[in-house]
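Student: The structure that follows is given in the form of C-alpha coordinates.
The values are calculated or read from the model by the stated rules, or taken from the named source; none is laboratory data. Treat the numbers as computed from the prediction; the structure is a model and nothing was measured. When we count neighbours, we look across all protein chains shown, and the Cβ atoms used for this are built from the backbone with ideal geometry, even at glycine. Just so you know, the surface numbers come from the protein's heavy atoms only, side chains and all, with ligands and any DNA or RNA stripped out. Shrake-Rupley method; radii C 1.70, N 1.55, O 1.52, S 1.80 Å.
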Amino acid sequence: MPGLLLETLKGKRSDKVPMWLMRQAGRYLPEYRALRAEKGGFLDLVYDSEAAAEVTVQPIRRFGFDGAILFSDILIVPHAMGQGLEFLAGEGPKLSPRLLDARLESFTAAPERFDPVYETVRLCRSQLASDVTMLGFAGSPWTVATYMVAGEGSRDQHETRALAYRDPALFQAIIDAIADVTITYLRGQIDAGAEAVQLFDSWAGSLAPDEFSRWVIAPNARIAAALKESHPGVPVIGFPKGSGEKLPAYARETGVDAVGVDETVDPVWANKALPEGMPVQGNLDPLLLLAGGDRLVDRTREVLHAFAERPHVFNLGHGIGQHTPIAHVEALVATVRGG
(Lines give C-alpha, C1' and ligand atoms only; values in the text may rest on other atoms or scores of the structure.)
Protein backbone atom coordinates (compact mmCIF):
# COMPACT_ATOMS: atom_id res chain seq x y z
CA MET A 1 0.00 0.00 0.00
CA PRO A 2 1.49 3.40 -0.96
CA GLY A 3 2.71 5.49 1.94
CA LEU A 4 1.66 9.03 2.81
CA LEU A 5 4.65 10.58 1.02
CA LEU A 6 4.00 8.81 -2.26
CA GLU A 7 0.29 9.63 -2.12
CA THR A 8 1.14 13.30 -1.50
CA LEU A 9 3.58 13.42 -4.42
CA LYS A 10 0.78 12.05 -6.58
CA GLY A 11 -1.41 15.00 -5.65
CA LYS A 12 -3.42 13.85 -2.64
CA ARG A 13 -3.70 16.40 0.17
CA SER A 14 -3.84 15.10 3.72
CA ASP A 15 -4.15 16.63 7.16
CA LYS A 16 -1.03 14.64 7.99
CA VAL A 17 2.04 16.12 6.30
CA PRO A 18 4.76 13.67 5.24
CA MET A 19 8.38 14.65 5.75
CA TRP A 20 11.92 13.79 4.83
CA LEU A 21 15.06 15.95 4.86
CA MET A 22 17.59 16.52 2.14
CA ARG A 23 20.94 15.02 3.22
CA GLN A 24 19.11 13.22 6.04
CA ALA A 25 21.66 10.41 5.68
CA GLY A 26 24.93 12.05 6.59
CA ARG A 27 27.52 13.49 8.90
CA TYR A 28 25.21 14.85 11.62
CA LEU A 29 24.41 11.23 12.56
CA PRO A 30 26.93 9.45 14.82
CA GLU A 31 26.03 6.10 13.25
CA TYR A 32 26.96 7.51 9.84
CA ARG A 33 30.26 8.88 11.10
CA ALA A 34 31.15 5.50 12.57
CA LEU A 35 30.43 3.66 9.33
CA ARG A 36 32.25 6.29 7.25
CA ALA A 37 35.34 5.93 9.44
CA GLU A 38 35.22 2.19 8.92
CA LYS A 39 34.82 2.37 5.14
CA GLY A 40 37.28 5.16 4.40
CA GLY A 41 36.71 7.39 1.37
CA PHE A 42 33.34 8.79 0.33
CA LEU A 43 33.28 7.04 -3.04
CA ASP A 44 34.22 3.77 -1.36
CA LEU A 45 31.10 4.16 0.75
CA VAL A 46 28.85 5.11 -2.20
CA TYR A 47 29.97 2.12 -4.28
CA ASP A 48 29.65 -0.34 -1.38
CA SER A 49 25.99 -1.26 -1.84
CA GLU A 50 25.46 -2.83 1.59
CA ALA A 51 27.10 0.10 3.37
CA ALA A 52 25.25 2.69 1.25
CA ALA A 53 21.96 0.93 1.99
CA GLU A 54 22.75 0.98 5.69
CA VAL A 55 23.41 4.73 5.53
CA THR A 56 20.17 5.27 3.60
CA VAL A 57 18.03 3.55 6.22
CA GLN A 58 19.79 4.97 9.31
CA PRO A 59 17.64 8.14 9.53
CA ILE A 60 14.47 6.09 8.99
CA ARG A 61 15.31 3.96 12.03
CA ARG A 62 16.13 7.00 14.14
CA PHE A 63 13.41 9.47 13.11
CA GLY A 64 10.75 7.51 11.23
CA PHE A 65 10.76 9.77 8.17
CA ASP A 66 8.22 9.02 5.46
CA GLY A 67 10.85 8.79 2.73
CA ALA A 68 14.32 7.29 2.40
CA ILE A 69 16.57 9.14 -0.05
CA LEU A 70 19.24 7.07 -1.78
CA PHE A 71 22.71 7.66 -0.37
CA SER A 72 24.83 8.58 -3.37
CA ASP A 73 26.08 11.72 -5.12
CA ILE A 74 25.10 13.72 -8.20
CA LEU A 75 28.61 13.30 -9.61
CA ILE A 76 28.14 9.56 -10.14
CA VAL A 77 26.74 10.56 -13.57
CA PRO A 78 29.95 12.22 -14.86
CA HIS A 79 31.94 9.37 -13.31
CA ALA A 80 29.87 6.88 -15.36
CA MET A 81 30.37 9.10 -18.41
CA GLY A 82 34.11 8.50 -18.02
CA GLN A 83 35.31 11.61 -16.21
CA GLY A 84 37.73 11.04 -13.36
CA LEU A 85 36.27 11.75 -9.91
CA GLU A 86 37.79 11.98 -6.47
CA PHE A 87 36.75 13.55 -3.19
CA LEU A 88 39.62 15.27 -1.39
CA ALA A 89 39.39 15.93 2.34
CA GLY A 90 38.60 19.58 2.95
CA GLU A 91 38.49 20.42 -0.76
CA GLY A 92 35.35 18.78 -2.12
CA PRO A 93 34.99 16.88 -5.40
CA LYS A 94 37.53 17.12 -8.21
CA LEU A 95 36.78 15.96 -11.77
CA SER A 96 39.37 15.44 -14.50
CA PRO A 97 39.98 16.24 -17.20
CA ARG A 98 37.64 19.19 -16.99
CA LEU A 99 35.58 20.04 -20.07
CA LEU A 100 37.39 23.34 -20.42
CA ASP A 101 40.40 21.28 -21.44
CA ALA A 102 38.89 18.17 -23.03
CA ARG A 103 35.91 17.02 -25.07
CA LEU A 104 33.28 14.50 -24.04
CA GLU A 105 34.32 12.34 -27.00
CA SER A 106 37.66 11.69 -25.30
CA PHE A 107 35.99 10.04 -22.27
CA THR A 108 35.55 6.28 -22.06
CA ALA A 109 32.08 5.64 -20.67
CA ALA A 110 31.81 3.32 -17.64
CA PRO A 111 28.08 2.65 -17.21
CA GLU A 112 28.85 -0.27 -14.92
CA ARG A 113 29.48 2.33 -12.21
CA PHE A 114 25.71 2.61 -11.91
CA ASP A 115 25.33 -1.07 -10.98
CA PRO A 116 26.22 -0.79 -7.26
CA VAL A 117 23.86 2.19 -6.96
CA TYR A 118 21.02 0.12 -8.39
CA GLU A 119 21.88 -2.64 -5.94
CA THR A 120 21.74 -0.10 -3.09
CA VAL A 121 18.19 0.80 -4.14
CA ARG A 122 17.20 -2.87 -4.23
CA LEU A 123 18.65 -3.51 -0.79
CA CYS A 124 16.95 -0.43 0.68
CA ARG A 125 13.58 -1.31 -0.75
CA SER A 126 13.84 -4.80 0.74
CA GLN A 127 14.67 -3.37 4.18
CA LEU A 128 12.09 -0.57 4.34
CA ALA A 129 8.49 -0.88 5.48
CA SER A 130 5.99 -0.69 2.64
CA ASP A 131 4.71 2.72 3.77
CA VAL A 132 8.19 4.31 3.55
CA THR A 133 8.76 5.74 0.08
CA MET A 134 12.09 4.95 -1.57
CA LEU A 135 13.40 8.08 -3.29
CA GLY A 136 15.99 8.02 -6.04
CA PHE A 137 17.72 11.10 -7.41
CA ALA A 138 20.09 12.63 -9.91
CA GLY A 139 21.61 16.02 -10.51
CA SER A 140 19.99 18.11 -13.22
CA PRO A 141 22.08 18.65 -16.36
CA TRP A 142 22.94 22.31 -15.67
CA THR A 143 24.27 21.64 -12.18
CA VAL A 144 26.18 18.52 -13.24
CA ALA A 145 27.65 20.44 -16.19
CA THR A 146 29.03 23.15 -13.90
CA TYR A 147 31.21 20.54 -12.19
CA MET A 148 32.18 18.78 -15.41
CA VAL A 149 33.24 22.01 -17.13
CA ALA A 150 35.17 23.59 -14.25
CA GLY A 151 36.39 20.35 -12.67
CA GLU A 152 35.11 21.43 -9.26
CA GLY A 153 32.41 23.44 -7.55
CA SER A 154 32.48 27.23 -7.72
CA ARG A 155 30.70 30.13 -6.07
CA ASP A 156 29.05 31.62 -9.17
CA GLN A 157 29.67 29.00 -11.89
CA HIS A 158 31.37 31.72 -13.98
CA GLU A 159 33.47 29.38 -16.16
CA THR A 160 30.47 27.30 -17.15
CA ARG A 161 28.23 30.31 -17.72
CA ALA A 162 30.94 31.89 -19.89
CA LEU A 163 31.32 28.71 -21.95
CA ALA A 164 27.55 28.54 -22.50
CA TYR A 165 27.58 32.17 -23.77
CA ARG A 166 30.73 31.72 -25.85
CA ASP A 167 29.86 28.41 -27.52
CA PRO A 168 26.18 27.54 -27.00
CA ALA A 169 26.28 24.70 -29.53
CA LEU A 170 29.11 22.97 -27.68
CA PHE A 171 27.41 23.51 -24.36
CA GLN A 172 24.12 22.20 -25.73
CA ALA A 173 25.92 18.99 -26.67
CA ILE A 174 27.21 18.69 -23.09
CA ILE A 175 23.74 19.26 -21.65
CA ASP A 176 22.18 16.75 -24.05
CA ALA A 177 24.77 14.10 -23.21
CA ILE A 178 24.21 14.53 -19.48
CA ALA A 179 20.43 14.37 -19.96
CA ASP A 180 20.73 11.12 -21.95
CA VAL A 181 22.78 9.43 -19.24
CA THR A 182 20.57 10.84 -16.48
CA ILE A 183 17.46 9.34 -18.09
CA THR A 184 19.16 5.94 -18.21
CA TYR A 185 20.34 6.31 -14.61
CA LEU A 186 16.95 7.27 -13.20
CA ARG A 187 15.16 4.56 -15.16
CA GLY A 188 17.60 2.08 -13.62
CA GLN A 189 16.89 3.39 -10.12
CA ILE A 190 13.14 3.07 -10.69
CA ASP A 191 13.52 -0.45 -12.07
CA ALA A 192 15.48 -1.31 -8.92
CA GLY A 193 12.73 -0.07 -6.61
CA ALA A 194 12.71 3.75 -6.42
CA GLU A 195 9.09 4.91 -6.15
CA ALA A 196 9.79 8.59 -6.83
CA VAL A 197 12.85 10.53 -7.99
CA GLN A 198 14.20 14.02 -7.41
CA LEU A 199 16.16 16.19 -9.83
CA PHE A 200 18.59 18.43 -7.94
CA ASP A 201 19.46 21.66 -9.72
CA SER A 202 21.54 23.16 -6.94
CA TRP A 203 23.04 25.95 -9.08
CA ALA A 204 19.91 26.95 -11.04
CA GLY A 205 19.92 30.32 -9.31
CA SER A 206 23.05 31.55 -11.09
CA LEU A 207 21.38 31.85 -14.51
CA ALA A 208 19.66 34.80 -16.20
CA PRO A 209 16.05 34.20 -17.36
CA ASP A 210 16.78 33.20 -20.97
CA GLU A 211 19.59 30.89 -19.93
CA PHE A 212 17.42 29.46 -17.14
CA SER A 213 14.83 28.54 -19.74
CA ARG A 214 17.42 26.89 -22.03
CA TRP A 215 19.73 25.19 -19.55
CA VAL A 216 17.35 24.40 -16.67
CA ILE A 217 13.75 24.19 -17.85
CA ALA A 218 14.34 22.52 -21.22
CA PRO A 219 16.59 19.61 -20.12
CA ASN A 220 14.54 18.93 -17.01
CA ALA A 221 11.40 18.85 -19.17
CA ARG A 222 13.09 16.33 -21.45
CA ILE A 223 14.05 14.09 -18.53
CA ALA A 224 10.60 14.30 -16.95
CA ALA A 225 8.91 13.45 -20.27
CA ALA A 226 11.18 10.46 -20.83
CA LEU A 227 10.51 9.10 -17.34
CA LYS A 228 6.76 9.52 -17.75
CA GLU A 229 6.94 7.62 -21.01
CA SER A 230 8.82 4.67 -19.55
CA HIS A 231 7.51 4.75 -15.96
CA PRO A 232 4.11 6.47 -15.84
CA GLY A 233 2.89 6.99 -12.31
CA VAL A 234 6.35 7.49 -10.78
CA PRO A 235 6.45 11.06 -9.43
CA VAL A 236 9.31 13.38 -10.39
CA ILE A 237 10.25 16.13 -7.93
CA GLY A 238 12.08 19.11 -9.43
CA PHE A 239 14.28 21.20 -7.13
CA PRO A 240 15.69 24.30 -8.87
CA LYS A 241 17.45 25.94 -5.93
CA GLY A 242 17.72 29.70 -6.11
CA SER A 243 15.25 30.08 -8.96
CA GLY A 244 13.16 32.67 -7.11
CA GLU A 245 10.60 34.34 -9.34
CA LYS A 246 11.39 31.83 -12.09
CA LEU A 247 10.00 29.00 -9.96
CA PRO A 248 6.41 29.16 -11.33
CA ALA A 249 7.66 28.88 -14.93
CA TYR A 250 9.77 25.89 -13.94
CA ALA A 251 6.76 24.25 -12.30
CA ARG A 252 4.53 24.85 -15.33
CA GLU A 253 6.97 24.05 -18.12
CA THR A 254 9.10 21.13 -16.94
CA GLY A 255 6.28 18.65 -16.42
CA VAL A 256 7.55 17.64 -12.98
CA ASP A 257 4.92 16.32 -10.57
CA ALA A 258 6.11 18.25 -7.52
CA VAL A 259 8.41 21.20 -6.98
CA GLY A 260 10.93 21.78 -4.21
CA VAL A 261 11.10 25.28 -2.71
CA ASP A 262 14.30 26.58 -1.16
CA GLU A 263 14.52 28.64 2.02
CA THR A 264 14.87 32.01 0.27
CA VAL A 265 11.33 31.79 -1.14
CA ASP A 266 8.36 33.14 0.82
CA PRO A 267 6.08 30.11 1.20
CA VAL A 268 2.95 32.30 1.15
CA TRP A 269 4.05 33.74 -2.21
CA ALA A 270 4.96 30.28 -3.52
CA ASN A 271 1.57 28.90 -2.55
CA LYS A 272 -0.14 31.65 -4.56
CA ALA A 273 2.26 31.62 -7.52
CA LEU A 274 2.59 27.89 -8.16
CA PRO A 275 -0.01 25.90 -10.14
CA GLU A 276 -3.10 25.13 -8.10
CA GLY A 277 -3.03 21.66 -6.56
CA MET A 278 0.61 20.98 -7.43
CA PRO A 279 2.48 19.21 -4.63
CA VAL A 280 5.12 21.39 -3.00
CA GLN A 281 8.15 20.33 -0.97
CA GLY A 282 10.00 22.52 1.50
CA ASN A 283 11.13 24.91 2.77
CA LEU A 284 12.63 25.40 6.25
CA ASP A 285 16.07 27.04 6.39
CA PRO A 286 18.66 24.38 7.34
CA LEU A 287 20.44 26.98 9.48
CA LEU A 288 17.30 27.47 11.52
CA LEU A 289 17.31 23.74 12.19
CA LEU A 290 20.93 24.11 13.27
CA ALA A 291 20.03 27.02 15.59
CA GLY A 292 16.94 25.39 17.11
CA GLY A 293 14.78 27.00 19.77
CA ASP A 294 11.35 28.60 19.68
CA ARG A 295 11.93 30.16 16.27
CA LEU A 296 12.42 26.72 14.78
CA VAL A 297 9.01 25.65 16.04
CA ASP A 298 7.33 28.90 14.98
CA ARG A 299 8.79 28.90 11.46
CA THR A 300 7.95 25.23 10.98
CA ARG A 301 4.33 25.99 11.80
CA GLU A 302 4.39 28.98 9.44
CA VAL A 303 5.54 26.77 6.57
CA LEU A 304 2.90 24.17 7.37
CA HIS A 305 0.21 26.83 7.46
CA ALA A 306 1.33 28.44 4.19
CA PHE A 307 0.95 25.17 2.27
CA ALA A 308 -2.03 23.79 4.22
CA GLU A 309 -4.42 23.95 1.27
CA ARG A 310 -2.31 21.95 -1.18
CA PRO A 311 -0.38 18.65 -1.10
CA HIS A 312 2.74 19.41 0.94
CA VAL A 313 5.87 17.44 1.78
CA PHE A 314 7.73 19.05 4.65
CA ASN A 315 11.46 19.37 3.99
CA LEU A 316 14.34 21.78 4.30
CA GLY A 317 15.20 24.44 1.76
CA HIS A 318 18.43 22.52 1.09
CA GLY A 319 20.53 19.87 2.82
CA ILE A 320 20.81 19.43 6.58
CA GLY A 321 24.11 20.70 7.99
CA GLN A 322 26.65 18.31 9.47
CA HIS A 323 26.72 20.09 12.86
CA THR A 324 22.94 19.99 13.35
CA PRO A 325 22.08 18.60 16.81
CA ILE A 326 20.01 15.42 16.87
CA ALA A 327 17.71 17.04 19.44
CA HIS A 328 16.79 19.78 16.96
CA VAL A 329 15.76 17.23 14.36
CA GLU A 330 13.69 15.43 16.98
CA ALA A 331 12.00 18.74 17.84
CA LEU A 332 11.28 19.36 14.15
CA VAL A 333 9.74 15.91 13.71
CA ALA A 334 7.58 16.42 16.81
CA THR A 335 6.37 19.79 15.52
CA VAL A 336 5.50 18.53 12.03
CA ARG A 337 3.83 15.40 13.38
CA GLY A 338 2.13 17.15 16.30
CA GLY A 339 0.94 20.27 14.47
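Student: Based only on the alpha carbon positions, what is the Kirkwood hydrodynamic radius of the range 189-265, in angstrom? Intermediate results must be reported in sequence, preceding the final value.
Tutor: Details: mean 1/r = 0.0794 Å⁻¹.
It works out to 12.6 Å.
Student: Oh, and also: For N315, list long-range residues whose amide hydrogen, built 1.01 Å from N in the peptide plane, is under 5 Å from its own amide hydrogen.
Tutor: When sequence neighbours closer than 5 places are left aside, the close amide H contacts are G282, N283, L284.
Student: Now for a separate question. Mind checking the full-extension length gain between K228 and L290? Use 0.36 nm per residue of separation minus the Cα-Cα distance, one decimal, nm.
Tutor: 18.6 nm
Student: Please list, in chain and number order, the residues 5+ apart from G260 or on another chain whose amide H is under 5 Å from its amide H, with Hs placed from the backbone.
Tutor: It is G238, F239, Q281, by chain and number.
Student: So what is the accessible area of the range 1-106 per residue, in Å², with the probe set to 1.4 Å?
Tutor: Result: 45 Å² of accessible area for each residue.
Student: For D66, what accessible area in Å² do you get when you roll a 1.4 Å probe over the heavy atoms of the protein chains, rounding to the nearest 10?
Tutor: 30
Student: Can you work out the base-10 log of I(q)/I(0) for the chain at q = 0.09, 0.11, 0.12, 0.16 1/Å, using the Debye formula on its C-alpha atoms alone?
Tutor: -0.44, -0.68, -0.82, -1.54
Student: Also: Indicate the helices, whole DSSP H runs only, in the chain that combine a mean Kyte-Doolittle hydropathy of -0.5 or more with a Cα extent along their long axis of 15 angstrom or more.
Tutor: 49-63, 168-192, 218-230, 326-338
Student: ³J(HN,Hα) across the range 76-86 via Karplus (A = 6.51, B = -1.76, C = 1.60, θ = phi - 60°), whole Hz, x for Gly/Pro?
Tutor: Running phi through 6.51 cos²θ - 1.76 cosθ + 1.60 with θ = phi - 60° gives 5, 5, x, 5, 6, 6, x, 7, x, 9, 8 Hz.
Student: Let me ask something additional. Calculate the dipole size of the range 1-109 relative to its Cα centre from +1 charges on Lys and Arg beta carbons and -1 charges on Asp and Glu beta carbons; express the result in debye to the nearest 20.
Tutor: Using Cβ point charges on Lys, Arg, Asp and Glu, the range 1-109 gives about 460 debye.
Student: When the accessible area of the range 189-261 is split by element with a 1.4 Å probe, what percent falls to carbon and sulfur? Please report the intermediate quantities before stating the final value.
Tutor: Numbers: 1190 of 2330 Å².
Heavy-atom surface of the range 189-261 belonging to carbon and sulfur, 1.4 Å probe: 51 percent.
Student: Relative contact order for the chain: what is it in percent, counting Cα pairs under 8 Å that are at least 6 residues apart?
Tutor: 20
Student: Output the Cα-based Rg and Dmax of the range 91-193 in Å, rounding Rg to one decimal and Dmax to a whole number.
Tutor: Final numbers for Rg and Dmax: 16.2, 50 Å.
Student: Could you give the longest part of the chain that holds none of the trypsin sites (Lys or Arg not before Pro) found in DSSP loops with at most 13 neighbouring Cβ atoms within 10 Å?
Tutor: 156-339
Student: Report the dimensions of the range 89-150 along its three principal axes from the alpha-carbon atoms, largest first, rounded to Å.
Tutor: The Cα atoms of the range 89-150 stretch 47, 26, 25 Å along their principal axes.
Student: Let me ask something else about it. Taking amide H atoms as placed 1.01 Å from N in the peptide plane, list the residues 5 or more away in sequence, or in a different chain, whose amide H sits under 5 Å from that of Q198.
Tutor: Those qualifying (amide H under 5 Å, at least 5 residues apart or on another chain) are G136, F137, A138, I237.
Student: Let me ask something additional. Within the chain, what is the longest stretch that has no GluC sites (Glu not before Pro) placed in a DSSP loop and near at most 16 other beta-carbon atoms within 10 Å?
Tutor: 153-275
Student: Also, quick follow-up: Only four residue types carry charge here, +1 at the Cβ of Lys and Arg and -1 at the Cβ of Asp and Glu. Report the dipole size of the range 240-281 about the Cα centre in Debye, rounded to the nearest 20.
Tutor: So the dipole magnitude of the range 240-281 works out to roughly 60 debye.
Student: Rounded to the nearest 500 deg cm²/dmol, what is the calculated helix-only ellipticity per residue at 222 nm for the chain, with -39500 (n - 2.57) per DSSP H run of length n ≥ 4?
Tutor: After summing the helix terms and dividing by residue count, I get -14000 deg cm²/dmol.
Student: Moving on. D15 to A109: FRET efficiency via 1/(1 + (r/R0)^6), r the Cβ-Cβ distance, R0 41 Å, to the nearest 0.05? Display every interim value, and only then the final one.
Tutor: Numbers: r = 48 Å, r/R0 = 1.17.
Here the calculated transfer efficiency is 0.30.
Student: For the chain, with only Lys/Arg (+1) and Asp/Glu (-1) charged at the beta-carbon, what is the dipole magnitude about the Cα centre, in debye rounded to 20?
Tutor: 440
Student: I'd like the accessible area for D15, computed on protein heavy atoms only with a 1.4 Å probe and all protein chains in place. Round to 10 Å², please.
Tutor: Its heavy atoms expose roughly 140 Å² to the probe.
Student: Residue farthest toward the positive end of the dipole of the chain, with Cβ of Lys/Arg at +1 and Asp/Glu at -1: which of F114, P219, A80?
Tutor: Among F114, P219, A80, the one farthest towards the positive end of the dipole of the chain is P219.
Student: While we're looking at this one, here's another question. Take the range 255-339, drop everything but the C-alpha atoms, weight them equally and run the Debye formula without solvent; then report log10 I(q)/I(0) at 0.11, 0.14, 0.22 Å⁻¹ to two decimals.
Tutor: Ignoring solvent entirely, the Cα scatterers give -0.28, -0.44, -1.02.
Student: Which of A129, L29, V336 sits farthest toward the positive end of the charge dipole of the chain, with +1 on the Cβ of Lys and Arg and -1 on the Cβ of Asp and Glu?
Tutor: V336
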